[in-house]
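The numbers here are math on the coordinates, done by the rules we state, and not lab data. In this text the structure is predicted, and so the values were computed from the model without any measurement. Note: ideal-geometry Cβ built from the backbone for every residue, glycine included; neighbour counts use all protein chains shown.
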Amino acid sequence: MITISIVDDEKDLRESIATFINGSPGFRCISSYGSAKAALQGLPADRPNVVLMDINMAGMTGIECVARLKELMPEVQTVMLTVYEDTGQIFNALSAGASGYLLKRSKPSKLLEAIREVHEGGSPMSSSIARKVVASFQKSGPPGEKPPNHPHLSPREEAVLNLLSKGYTYKQIADELGISIDTIRTYLRRIYEKLHVQSRTEAVVKYLRL
Amino acid sequence: MGVVATQPWLRTNSLVPPTVLIEEVMVDGAPVSPAEKLNLPPGRHQIELQYTGLGTDAPERIQFRYRLIPLDADWVEAGVRRTAFYNYVPPGDYRFQVSACDRDGVWNETGASITVKVSRHFWQSWWILGPTLLGLMVSIAGAVRLVERGKLQRRLKNLEQERRLESERTRIAQDLHDQMGAKLCRISFLSEHARRNDRLPKDLQHEIGSISETSREVLHSLDEIVWAVDPQNDTLEHAASYIAQYAQDYFQMTGIECELSVPARLPAHPISSQMRHHLFLAAHEALTNILKHSGASQAKVSIHYDGSALEITASDNGAGFIPSTNHSEVSSEGRDGLRNMAQRLTDIGGRCRVESNPGQGTTIRFTVPVKRFEATLENKSYDNHIDR
């Protein structure tokens, strides 16, 4: 049984998603919150496996909420929900610590797939997000100028990321690099972790410079 | 009865300089009666003055010099020549003076002289010329500035209007999306939940499934509209990345394997939302053709940018057809599609080419020029885009 909490400021939508999840075997929605603030207070006690978080909420956004939640509960997995396929926003959420994202217009069965995947340690990445990630690691500048402890991608991780950003599917990447799809998932997971570290060190550097 | 007294010693005294006479004045080749004063109308004139010297026993030895004051700064030594020639005398008041000396070098200090006046055209008068020139310059500068300022203001105004139009479009689209989006999501989730109820008859489950599906399609269309009008997306990278992702999603679960070929990074060159919109819809049309008409099992979408033009290629391994002007073997729906694509590309100054052969698949190629400078200025107007 995967336990889930929903954070979304649209009451009706929140309730319909909860209804849908609770009607799906193997999934249980244990709590839902209408604001980021309320979620940060309640979630540590709820201890869900996966949090579904709306990106665009009035007041504190889902992106900031994920960043704070990661501090409170490092082990929690978050799937961002968004109406817009806004790569910039999604990338920011992933950098803040989210493990995946889903468009609200996706088929509801996709939602269950995404929840299961992040719960099992997977980190799905679309080609448009991969492009953002590539750009983000490239713009950090030459090694000498990077802040200390700044993460580097291994050549293998870079290869996976590059193929993904060119639109290859997991299967095509697996064939091209002669590795299994599970290995690709592992690489992606590590890339996400490095992305989190990168955004954290960048945030610290930004803070120190102020 | 008078007495004539001659003074012959004076005549022989070589210390007496020769008398000088101005004999004839020619203006523009025509003689004018020599008077003390020569008045010339405005314009360019050639003046020729003939003079002579009298009173010595050796007139052939008389030397002359002359000057036109103030045109000549110094005497012009004419030697024995008895003509002074001026090709152009600017408007003004002058005095022509000619002097002579005999072989002993004694100059006739008085000489002979004539005043010359060359009139000005009315616009040559200083009191007109000065202010007129100044005025002219001021008005030219003013006119240039006005025109430039007018241009700049019009340009700024246009930009401002464009920006307002764009942010208004974005706002409307986003409002629509936010208001309807959440409700459509709700229909999607609730109907999907209802559909799973095992107690429902199969055909009802199927119908509820259609409701669910349709709500998501509407959501998708809304998303496309918002994407198309959001100025944030007006870059090459955004457009290419979106179209690539769209193609990937489009063929999911369709049985067609879609391969993408997109440069890992594209420059953030701005492109107009009009271009983006048409490119996307043309690409959408191409994908629809592959899915609905080609019968292909594989599709490939490539995006290429060479620094001046963007090329989007959609190819498949399907049935193919003979591309001709009337596309007679193509279904009417497919024909409309091809025409639409061509029209969209024409609208944005691009080209749509169709390469196909029966049994050999189809390749549709969109080429559109994208200039680096296209909207660096416009970019500034996006600074205060609506944050969503």
Please work out the C-alpha center-to-center distance from region B:138-189 to region B:77-107 and express it in whole Å. 78 Å
Could you compute the FRET efficiency for B:Arg199 and B:Ile172, with r as their C-beta to C-beta distance and R0 at 51 Å, rounded to 0.05? 0.75
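Taking the Cα centre of the protein assembly as shown as origin and charging only Cβ (+1 Lys, Arg; -1 Asp, Glu), how large is the dipole, in debye to the nearest 20? Display every interim value, and only then the final one.
Details: 69 positive and 71 negative charges, 136 e Å.
Around 660 debye, computed over the protein assembly as shown.
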Mind checking the dipole of chain B: about its Cα centre, +1 per Lys or Arg Cβ, -1 per Asp or Glu Cβ, Debye to the nearest 20? 680 debye
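Which loop-located trypsin sites (Lys or Arg not before Pro) does region B:155-221 contain, where loop means any DSSP state but H, G, I, E or B and the Cβ has at most 10 other Cβ atoms within 10 Å?
Details: sites: B:Arg155, B:Lys157, B:Arg163, B:Arg164, B:Arg169, B:Arg171, B:Lys183, B:Arg186, B:Arg195, B:Arg196, B:Arg199, B:Lys202, B:Arg216; in loops: B:Arg196, B:Arg199.
Within region B:155-221, the qualifying trypsin sites (Lys or Arg not before Pro) (loop, at most 10 other Cβ atoms within 10 Å) are B:Arg199.
For region B:179-237, take the alpha-carbon Rg, divide it by the Kirkwood Rh, and send me Rg/Rh. Don't jump to the answer; show the numbers that get you there.
Working: Rg = 15.6 Å, Rh = 12.9 Å.
My calculation puts Rg/Rh at 1.20.
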Point-to-point label distance, B:Ile322-B:Val16, nm (Cα→Cβ direction, 7 Å offset): 12.1 nm
Need one number: % antiparallel among DSSP beta bridges in the protein assembly as shown, to the nearest 5. 65 percent
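Where does chain A land on Rg(C-alpha)/(2.2 N^0.38 Å)?
Values: Rg = 17.2 Å, N = 210, 2.2 N^0.38 = 16.8 Å.
Here the answer is 1.03, to two decimals.
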Which residues in region A:49-73 place their backbone N less than 15 Å from a point set 7 Å from the Cα of A:Gln41 along the Cα-to-Cβ direction? A:60
So which of A:Lys171/B:Lys371; A:Lys70/A:Lys110; A:Lys132/B:Lys300 end up more than 32 Å apart, counting from Cα to Cα? A:Lys171/B:Lys371
Where does the longest stretch of chain B lie that holds no GluC sites (Glu not before Pro) found in a DSSP loop with 15 or fewer other Cβ atoms within 10 Å? B:110-328
Please report the net charge: other residues with Cβ closer than 14 Å to the Cβ of B:Pro70, K and R +1, D and E -1. 0
For A:Ala58 and B:Glu213, FRET efficiency with R0 = 22 Å and r from the beta-carbon atoms, rounded to 0.05? 0.15
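Quote the convex hull volume per residue of region B:186-332, based on C-alpha atoms, as a whole number of Å³.
Details: hull volume 23.2 nm³, N = 147.
Taking only Cα atoms, region B:186-332 has a hull volume of 158 Å³ per residue.
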Pop a pseudo-label 7 angstrom from the Cα along the beta-carbon direction at both B:Ala268 and B:Leu136 and give the gap in nm to one decimal. 5.2 nm
With an 8 Å Cα cut-off and a minimum separation of 6 or more residues, compute the relative contact order for chain A in percent. 16 percent
Picking from A:Met57, A:Met125, A:Met80, which is most flexible by a Gaussian network model of chain A using Cα springs under 10 Å? A:Met57
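As an exercise, identify the GluC sites (Glu not before Pro) in region A:39-109 lying in DSSP coil whose Cβ has no more than 13 other Cβ atoms within 10 Å.
On the way: sites: A:Glu64, A:Glu71, A:Glu75, A:Glu85; in loops: A:Glu75, A:Glu85.
Here the sparse-neighbourhood loop sites are A:Glu75.
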Which of the DSSP-defined H helices in chain A satisfy a minimum axial length of 24 Å, computed from C-alpha atoms, and a minimum mean Kyte-Doolittle hydropathy of 1.6? none
Semi-axes (Å, rounded, descending) of the ellipsoid equivalent to the protein assembly as shown per its C-alpha gyration tensor are 96, 29, 24
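Give me the net charge for the shell around B:Pro201: Cβ to Cβ below 14 angstrom, other residues only, Lys and Arg +1, Asp and Glu -1. Intermediate results must be reported in sequence, preceding the final value.
On the way: positive: B:Arg195, B:Arg196, B:Arg199, B:Lys202; negative: B:Asp198, B:Asp203, B:Glu207.
Net of charged neighbours comes to +1.
Kirkwood-based Rg over Rh for region B:125-229 (C-alpha set), two decimals?
Working: Rg = 31.4 Å, Rh = 19.1 Å.
Taking Rg over the Kirkwood Rh, I get 1.64.
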Just to be sure I understand the model, the point goes 7 Å from the Cα along the line to the Cβ. What's the resulting A:Gln172 to B:Gln179 distance in nm? 4.1 nm
Student exercise, region A:2-119 dipole from Lys, Arg, Asp, Glu Cβ charges, in Debye to nearest 20: 220 debye
Roughly how large, in nm² to one decimal, is the mean projection of the convex hull of the alpha-carbon atoms in chain B? 40.0 nm²
Relative contact order (%) - region B:125-229, alpha-carbon pairs under 8 angstrom, separation at least six: 30 percent
Here the gain from full extension of B:Thr346 to B:His45, 0.36 nm per residue of separation minus their alpha-carbon distance, amounts to 101.8 nm
Within 10 Å of the Cβ of an average residue in B:188-198, the count of other chain Cβ atoms is 6
